[in-house]
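In what follows, a single structure is set out as structure tokens and then discussed.
The values are calculated or read from the model by the stated rules, or taken from the named source; none is laboratory data. These numbers were taken from a predicted model, which means no experiment stands behind them. Glycine also receives a Cβ, built like all others from the backbone with ideal geometry; neighbour counts cover every protein chain displayed. The protein model used for the area step is the full one, side chains on, heavy atoms only, and it has no ligands, DNA or RNA in it. Shrake-Rupley method; radii C 1.70, N 1.55, O 1.52, S 1.80 Å.
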Amino acid sequence: MPEQEIEVKSSAPKAVYIHIPFCTNKCFYCDFNSYVLKDQPVMDYLRALDHEIELTVSQTPPGEIRSIFVGGGTPTVLNPQEMEFFLASVRKHFPNFTTDIEFSMEANPGTTDLEKLKVMREGGVNRVSFGVQAFQNELLSGIGRIHNTDDVYRSIENAHKAGLHNLSIDLMFGLPNQTVEMLDYSVQKALELGLPHYSIYSLKVEENTLFHTLYQKNQLPLPDEEAELKMYLLLMERMKEAGYKQYEISNFAKPGYESRHNITYWRNEDYYGFGAGAHGYVGRQRHINIKGVNPYVEAANTRLPRLDQFTVPREEAMEDFMMVGLRMLDGIRDADFEAQFAVKLEDMFGSHLRKMVESGLLERHEDEGGYRLSEKGILFGNEVFAEFIDTLTEPK
């Protein structure tokens, strides 16, 4: 049966996400599952994580692992000894790497000295993503970052010294008190580093953050919509001029340096998710782990530390395929949809696709046999993605 073939095919994930939930402090915009490091049981957490991975791979053995991504929190708050233990644990459970595995770790420029970067390199990490956000110290302190621009340059230099050259930095726009000119300066300084990859995101004011509290009180001086649109147009133009391909709404890369791990998400493919609050997706089973550090540690030492686990209905998986796949500027392909779901894309979403094409937000690419965002669609992507929410799963 086609349905069963899909399940068998997707039962051996090739991507791994691991969550390190510790931070030196909580940034003002952050709603991720993270906790200030002071007095946290770090080694207990790493041992519990080791046990969760061991239990999982014994039940669902991996395929040949193509990408590992360590996120947080701030994974680089681990000291060198903790980092060494952690990376040895990962290698022990996932020895079946591809020879060209992408092994990424998020890093804060304020927590990456040369010794730690060397431990990361020796432990298998070959790609580092630095959370830079801006090149103005006043903006950085205004969003709660602990680093300054000097830390950025020192961290990049140390990474190169440690033999780490596949580097990415995150920038943000739409920040409080940020102007178009300030973003232009940050993009210029970022490009001067000549890195192979850049992620540039707009600020989203999330609930349960300091920024949300200030926003509710009308005390968050955000750029208006017109200024934010100018920022996005500017950064797209600057990145294109510098020879970077915009391969996803917020991501730019030199050829061959696109984030393989994130593409796993955007293609709606399977991945393991380990650690407190982590999400995973295996064989159309989605799970969310227990969030708190101590409850996670207690659970993971004896069983899989699940907060929730559920089967994603086939129709919902199709909607997910559309919404995440169209984030990539290469778009979605008819053949990939049919391979995952054993039905034709047009049969499921034909009217919605035609509507988006007629409105100028999507375009058909006949060479590949699929759809992608138009230039206008890139600017109004949320309208496109919303078109596929509850399209198949809403009550009839």
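The distance between label points at E225 and H160 comes to 4.3 nm (points 7 Å beyond Cα on the Cα→Cβ vector). Taking amide H positions as modeled 1.01 Å from N, with prolines and chain starts lacking one, no residue 5 or more places away or on another chain lies under 5 Å from K26.
Can you give the local net charge around A15? Use residues other than it whose beta-carbon is closer than 13 angstrom to its beta-carbon, Lys and Arg +1, Asp and Glu -1. After counting each charged neighbour, the total is 0.
Separation of segment 243-278 and segment 66-129 by C-alpha centroid, Å? Segment 243-278 and segment 66-129 have Cα centres spaced 17 Å from each other.
Projected onto their three principal axes, the Cα atoms of the chain cover extents of 55, 53, 44 Å, largest first.
Only beta bridges with both residues in the chain are counted; by DSSP, about 40 percent of them are antiparallel. Residues whose amide H lies under 5 Å from that of H365, counting only those 5 or more places away or on a different chain, are G370, Y371, R372; hydrogens are built 1.01 Å from N in the peptide plane. When only alpha carbons are used to place a centre, segment 165-201 and segment 321-396 end up 29 Å from one another.
Accessible area per residue for segment 300-396, computed on protein heavy atoms with a 1.4 Å probe, is 53 Å². Placing pseudo-labels 7 Å out from each Cα toward the beta carbon at K291 and L329 gives an inter-label distance of 3.5 nm. Rounded to the nearest whole Hz, the Karplus-based 3J(HN,Hα) values (6.51 cos²θ - 1.76 cosθ + 1.60, θ = phi - 60°) of segment 272-277 follow the sequence 6, x, 10, x, 4, x, with x at glycine and proline. Basic side chains Lys and Arg get +1 at the Cβ, acidic Asp and Glu get -1 at the Cβ, and with that the dipole of the chain about its Cα centre reaches some 880 debye. In the chain, what percent of the accessible surface is made up of carbon and sulfur (1.4 Å probe, ligands and nucleic acids excluded)? Ligands and nucleic acids excluded, carbon and sulfur reach 49 percent. Legend: residue pairs K355/K376; K14/K245; K230/K355; K26/K291; K240/K355, Cα-Cα distance threshold 21 Å; pairs beyond threshold, K14/K245; K230/K355; K240/K355.
Scalar couplings 3J(HN,Hα) for segment 238-251, obtained by applying the Karplus form with A = 6.51, B = -1.76, C = 1.60 to θ = phi - 60°, are 5, 5, 5, 4, 7, x, 9, 8, 7, 9, 8, 3, 10, 10 Hz; x denotes Gly and Pro.
Would you kindly calculate the mean projected area, averaged across all directions, of the convex hull enclosing the Cα atoms of segment 58-202, in square nanometres?
Working: hull surface 37.1 nm².
For segment 58-202, the mean projected area of the Cα convex hull comes to 9.3 nm².
Other residues within the sphere of radius under 14 Å centred on the Cβ of K118, judged by their own Cβ, net out at -2 (K and R +1, D and E -1).
The H on the amide N of N268, modeled in the peptide plane, is under 5 Å from the matching H of no residue at least 5 residues off or on a different chain.
Evaluate E = 1/(1 + (r/R0)^6) for Q81 and D39, where r is the Cβ-Cβ distance and R0 equals 22 Å; express this FRET efficiency to the nearest 0.05. With a Förster radius of 22 Å, E is 0.75.
Couplings 3J(HN,Hα) for segment 87-92, derived from phi with the Karplus relation 6.51 cos²θ - 1.76 cosθ + 1.60 (θ = phi - 60°), are 5, 5, 5, 4, 5, 4 Hz, where x marks Gly and Pro. For segment 138-162, backbone nitrogen atoms closer than 19 Å to the point 7 Å from E115 Cα along Cα-to-C-beta are found at 154-162.
For segment 101-148, the Cβ-based charge dipole about the Cα centre amounts to some 40 debye (Lys, Arg positive; Asp, Glu negative; other atoms uncharged).
Sequence neighbours fewer than 8 away in the same chain don't count; with that in mind, list the aspartates and glutamates whose C-alpha is under 14 Å from K118. Result set, ordered by chain and number: E82, E84, E157.
Quick one: putting +1 on the C-beta of Lys and Arg, -1 on the C-beta of Asp and Glu, what dipole do you get for segment 116-198 around its Cα centre, in Debye to the nearest 20? Taking the Cα centre of segment 116-198 as origin, the dipole is about 440 debye. Fully extending the segment from N25 to T179 would add 52.8 nm, taking 0.36 nm per residue of separation and subtracting the current Cα-Cα distance. Sorted on the mean count of surrounding Cβ atoms within 10 Å across their residues, most packed first, peptides 63-73, 78-88, 95-105, 201-211 read 63-73, 78-88, 95-105, 201-211.
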